[in-house]
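**Student:** Below you will find the structure I want to go over with you.
Any read-out appearing in this document is the output of simple, stated calculations on the displayed coordinates, not a laboratory observation. What you see is a predicted model; the values in this text were computed from it and never measured.
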Amino acid sequence: MDKELLAMLVCPLCKGKLKYDREAHELRCHFDGLAYPVRDGIPVMLPEEARQMDADEKLPESPGRLGEG
Ligand SMILES: [Zn+2]
């Protein structure tokens, strides 16, 4: 997906920044816990089309936190 297009996209609910998951073809809002589908390269920015993420998917990706302390 186009990086510039991605930078313009925000969550329609909270207007927050979205994170693109290349493998799942989803745009994820970690604030709402929703994943918006990307169909044929076109983001579907509709809350009713979005998928509720699982609790562990909502966590921001932060490698290197393990072993802290
Ligand atoms: Zn949101």
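**Student:** Find the centroid of the Cα atoms in region 33-57 and in region 1-20, then give the distance between the two in whole Å.
**Tutor:** With region 33-57 and region 1-20 each reduced to a Cα centre, they are spaced 12 Å.
**Student:** Search the structure for amide H atoms under 5 Å from the amide H of residue 53, placed 1.01 Å from N in the peptide plane, and list their residues when 5 or more places away or on another chain.
**Tutor:** 34, 35
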